[in-house]
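One structure is given here, and the rest of the page talks about it.
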Amino acid sequence: MGKPHALEETISMLRHIYLDLDFDEVFNPLFITDEDMYKQWGSETPAILDRVYYLAGLPRPNVGLSKEVKDKISQFVELDERRSRNLERVLQDYKRGNIEGDDFVESISKGLGIDFESSEKILDLFKEFKELIPVPTNLTLRSHMTSGWFITLQALAGRSELPLKLFSIDRCFRREQREDQTHLRSHFSASCVVMDKELTPELGKEIVTNFAERLGFDKVKFVVKKRSASYYEAGTEHEAFIKLGDWIEIADFGLYSKDVLKKYKIPYDVLNIGQGAERITMIRNKINDIRELIYPQFYKVDFSDQDIAKSIEFIQNINTPDGEKLLKILLETAKQNKDAQSPCEFISYKGEFLGKKIEIKIVEPENNTKLIGPAGFNQIYVYEKAMVGLLPDSKDENSLKIIKNGVDTNISYLEAFFRKVISKIESTKEYGEYEERIPIVRSISDINITLPTYIHQYLRGKGKIDVRGPVFTTIRWSIL
């Protein structure tokens, strides 16, 4: 037998309790229009919409076959008149929606009579597909189960026997500014509704008490919320708490607002009860961090500082021995001239590189500063589950402790940045001038560094990442 996830075990238990209490299971709409949000939240809606995810999609571009593109396609296939017409027809059908995205490459392959690999290369030639910007819709991902309940009840009001008792345990999504011990951007709401001619909050107390007893909790208290959510009738929203040392909230319930119900043409009273499946699971399993509950693979493991240091990778890296030689030259130029007063520029290399003539400069165009910013030669250290950037000659007590006892990756901000630049130089083929700049570093990706997801999650839960610092370095290169 395999081992189930703790949350799924709780969800299974909650389902059986609802079914035993004579509730029918449904799935509520997941995609909610912002029009529905305004119906339910009224004047409070703008603040609520700040916490929802809007859905967007890529438009389908109107793509033509220019002479430039035809010439490039001819490198893969002989593009005669028949094939040109077939390709134009495929592009038009895709624009009209007659071809699904999953079938696009296959349609090109059939239209031109070529293999899939060549079709992918041809698709890559159309810059229109690479420059697409997502277009937002008025659809949002459900942030509260209530958003879906109004739509479901509107469909059933007047054609279902009363009392109508329904429950749903499903995902909701909230655009949290950050994830921490108590907040994730997705959670499971265990929610139920009762629709009948006349209802009072006392029914909510009865159901929650029964529910708590079935979960093994015998002490429940109810507190009326001073300020109800806009979709609840004033004075009917309650919080339910169980006694586990301290009083811990386990549910929220109330009667839906009659004004909102009228907007959905629902002529009956509706009681709604909401519970967080994760919260109940944390209580049952005595877990204090929701991240540890949901993602034990990231938080119930341990990595040494050496493991963390070894996991560091460059997002873009040098691919040739000549590139590695060029890296040493750039680092030496930066080191020798790091304190030069700006504006200034230094030619670091001019000559042959991978069969092309290039010139590379390190530049600082701004006035009254230096060629290399203060954090340019910071190196990355790992110490006690923390990844930090420090100058190797730092003198303050805390930095000295990290430098002495931590793992020195021997990766400086400039080295990581230069590796990205050289990778681009290696792939640059057309004549012209190019530029890459690194300003203030706020995250590891700013200096061209990445971590495996499991290490990144681990550091967010167990330690920290702090590589902030001003680098302000610009590289300009020319293909001559």
- Message: Could you go through region 161-179 and let me know if any residue there is free of Cβ contacts under 8 Å to residues at least 24 places away in the same chain and closer than 22 Å to Leu261 by Cβ.
- Response: yes
- Message: Among the residues in region 172-191, are any within 36 Å of the chain's Cα centre (by Cα), surrounded by 13 or more Cβ atoms within 10 Å (Cβ to Cβ) and in a helix (DSSP H, G or I)?
- Response: no
- Starting from residues that are acidic (Asp, Glu) and assigned to a helix (DSSP H, G or I), keep the ones in region 381-437 and report whichever is surrounded by the fewest Cβ atoms within 10 Å (Cβ to Cβ). Glu397
- Item | Any hit, region 16-28, residues being part of a loop (DSSP other than H, G, I, E, B), within 28 Å of the chain's Cα centre (by Cα) and assigned by TED's automatic domain parsing to the domain that holds Cys192 | yes
- Task: Within region 211-269, track down each residue that is surrounded by 19 or more Cβ atoms within 10 Å (Cβ to Cβ) and at pLDDT below 90.
- Result: Phe217
- Determine, yes or no, whether Ala234 is part of a helix (DSSP H, G or I), out of contact with any helix residue (DSSP H, G or I) (no Cβ under 7 Å at 6 or more places or on another chain) and of a type in the set (Gly, Ala, Ser). no
- Could you list, in sequence order, the residues of region 202-235 that are basic (Lys, Arg) and either within 35 Å of the chain's Cα centre (by Cα) or farther than 18 Å from Leu21 by Cα (or both)? Lys219, Lys221, Lys225, Lys226, Arg227
- Unmet criterion (only one of (1) of a type outside the set (Lys, Arg); (2) touching a Cys at 6+ places or on another chain (Cβ under 8 Å); (3) free of Cβ contacts under 8 Å to residues at least 40 places away in the same chain) for Asn272: (3)
- Query: Would region 333-349 turn up any residue that is assigned to a strand (DSSP E or B), aliphatic (A, V, I, L, M), touching a Ser or Thr at 6+ places or on another chain (Cβ under 9 Å) and more than 30 Å from Asp302 (Cα to Cα)?
  - Reply: yes
- Total residues in region 270-308, condition crowded, with 21+ Cβ neighbours inside 10 Å, in contact with a strand residue (DSSP E or B) (Cβ under 6 Å, 6 or more places away or on another chain) and over 30 Å from Leu164 (Cβ atoms): 1
- Query: Which residues, counting only those in region 54-70, are surrounded by 11 or more Cβ atoms within 10 Å (Cβ to Cβ) and not in a loop (DSSP other than H, G, I, E, B)?
  - Reply: Tyr54, Leu55, Ala56, Gly57, Val69, Lys70
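Let's see how each residue does on (1) closer than 26 Å to Lys310 by Cα; (2) at pLDDT below 95:
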position	(1), (2)
Asn337	no, no
Ser348	no, no
Asp396	no, yes
Lys420	yes, no
- Query: Mind checking which residues of region 131-156 are aliphatic (A, V, I, L, M), out of contact with any helix residue (DSSP H, G or I) (no Cβ under 9 Å at 6 or more places or on another chain) and either farther than 16 Å from Lys265 by Cα or part of a loop (DSSP other than H, G, I, E, B) (or both)?
  - Reply: Leu132, Ile133, Val135, Leu141, Met145
- Please state which of the following conditions Lys325 fails to meet, knowing it meets all the rest: (1) at pLDDT below 95; (2) not in a loop (DSSP other than H, G, I, E, B); (3) not assigned by TED's automatic domain parsing to the domain that holds Thr10. (1)
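The values are calculated or read from the model by the stated rules, or taken from the named source; none is laboratory data. For clarity, every value in this text was computed on a predicted model and none was experimentally measured. Backbone-built Cβ (ideal geometry, glycine too); neighbour counts: all protein chains shown.
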